[in-house]
Amino acid sequence: MVYYDRVGNLYNYKPWTLSGSLDSNTHGSGEIVTITATSSMLRVDPASSSDNQVQAVMSNGDKVGLTYDSASGGNTVWKGTYIIPANTAGGTYSGALQAIAYNVTTDVTTSFNSLPTGFNNTGITATFCYGVSSSAACSPSTTSVASPDIKGAGAGGIVSQNNVVSVVPAHTFNYDAYFSVTSAPQIQAFNLPGTNYWQISPVYLLWWKSFFNDANILSSELNKPFIISLPYAISAYTPNLTLNNLKLAHSTDNKHWKVLANIIQNKNNKTIGLVTKNGGYYMIVAGSVLANQPILGAKTEDTELQLAPSPLPTVEPTSIPTLQPTPMPAPKKHCFWFICF
């Protein structure tokens with residue numbers, strides 16, 4: 001690669017190299033893996049305001065964007081995470097790394113879905129291999145639990161798994177259910193494309209599941225929405241962000257993310273809550289959204305629970321009113337935010 005400064009003076013050149021690997025050689029169906037690429041190209045060309053681009057294309061065609069992580073030995077290191085699809089057959093698979101650089105055209109075609117200004121879909125590629133073994137890890141969809149978290153069609157309750165809380169009103173499910181939570185730790189700064197929002201939490205895969213066959217319970221099978229509550233803190237990868245404008249981002253495939261508008265922030269216990277019927281991937285983001293970014297809410301769910309319109313105010317503690325004495329004390333209720341049961 002040949003590098004020029006902004007006035008056209010040559011200041012460096014070196015061979016363009018690219019190599020990659022996964023964090024281990026063998027993985028299980030449903031396992032979260034880290035993909036690492038090492039390249040001689042710079043993070044940013046001196047004439048560009050956008051990072052150079054690296055992605056991994058998995059054997060099934062899934063694309064995983066890698067972002068700059070560090071520099072070592074004159075090379076740049078790029079990382080991204082991927083979840084091996086559930087029920088992937090055991091065997092050896094190959095993937096392809098692709099890298100493109102600002103104002104560089106080669107005879108090797110790449111397949112990036114979007115390109116910053118000054119980039120084109122040609123660059124350099126490299127292959128990597130990985131194994132999938134059914135015994136290496138368990139898919140979240142087949143996790144074994146000793147007993148259901150919600151037992152019986154009329155039951156409700158508050159359940160906590162891996163620091164994520166879910167509040168379920170009575171008569172939400174038609175059968176015994178349990179709360180499944182898996183997470184992938186944040187390993188780098190990640191910006192949601194097209195927005196000014198940045199990831200500040202792990203990526204959580206959250207599902208209410210049938211206790212009988214471990215199947216995900218879809219929104220069409222729920223009688224009522226439930227609440228999920230995720231903890232937050234400023235990420236070490238994005239220390240300059242504030243906690244003044246937090247949102248939840250949701251994805252069905254861990255690749256395409258949308259920012260949700262109707263969230264509840266509790267500053268006392270540092271959590272972000274959402275009333276929803278949807279499982280899937282969730283993460284907390286901080287920043288401010290651009291005007292053209294789609295904002296998705298859950299109007300039908302808000303109407304059903306009679307919540308205030310978005311954005312919801314921060315939940316603050318309130319004083320307890322004095323109760324008038326009665327001959328019989330009222331039955332004790334368990335309440336969480338807007339739901340008592």
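Details
- Residue match in region 15-25 (condition: modelled with pLDDT of 80 or more, surrounded by fewer than 15 Cβ atoms within 10 Å (Cβ to Cβ) and part of a strand (DSSP E or B)): yes
- Some residue of region 270-289 being more than 15 Å from the chain's Cα centre (by Cα) and at pLDDT below 80: yes
- Any hit, region 70-79, residues being over 30 Å from ILE217 (Cα atoms), assigned to a loop (DSSP other than H, G, I, E, B) and either among the charged types (D, E, K, R) or modelled with pLDDT of 90 or more (or both): no
- Qualifying position, being hydroxyl-bearing (Ser, Thr, Tyr), closer than 24 Å to SER220 by Cα and either modelled with pLDDT under 80 or touching a helix residue (DSSP H, G or I) at 6+ places or on another chain (Cβ under 9 Å) (or both), among THR242, THR300, THR252: THR300
- For region 225-235, a residue qualifies if it is in contact with a Phe, Trp or Tyr (Cβ under 9 Å, 6 or more places away or on another chain), farther than 15 Å from LEU260 by Cα and in contact (Cβ under 8 Å) with a residue 60 or more places away in the chain, and exactly one does: PHE226.
- Residues in region 62-89 that are free of Cβ contacts under 8 Å to residues at least 12 places away in the same chain and closer than 20 Å to GLN186 by Cβ: SER70 only.
- Pairs are defined by a Cβ separation below 9 Å, a sequence spacing of at least 6 or placement on different chains, a first member in region 50-61 that is exposed (fewer than 15 other Cβ atoms within 10 Å of the Cβ), and a second member that is part of a strand (DSSP E or B); the pairs so defined are SER50/VAL44; ASN60/TYR93.
- Among residues of region 167-221, those that are in a loop (DSSP other than H, G, I, E, B) and either over 19 Å from the mean Cα position of the chain (by Cα) or not hydroxyl-bearing (Ser, Thr, Tyr) (or both), counted: 26
- In this entry, ASN52 is excluded by the filter for residues that are touching a Gly at 6+ places or on another chain (Cβ under 6 Å) and not aliphatic (A, V, I, L, M).
- In region 238-269, residue nearest to the chain's Cα centre (by Cα) [restricted to those that are among the hydrophobic types (A, V, I, L, M, F, W, C), within 29 Å of HIS171 (Cβ to Cβ) and assigned to a strand (DSSP E or B)]: LEU248
- Annotation note: Cβ proximity below 8 Å between a residue of region 236-258 that is exposed (fewer than 13 other Cβ atoms within 10 Å of the Cβ) and a residue that is of a type in the set (Ser, Thr, Tyr) (sequence gap 6+ or interchain) occurs for THR252/TYR281; ASP253/TYR281.
The values are calculated or read from the model by the stated rules, or taken from the named source; none is laboratory data. Note that the structure is predicted; figures quoted are calculated from it, not measured. Virtual Cβ from ideal backbone geometry, glycine too; neighbours counted across all protein chains shown.
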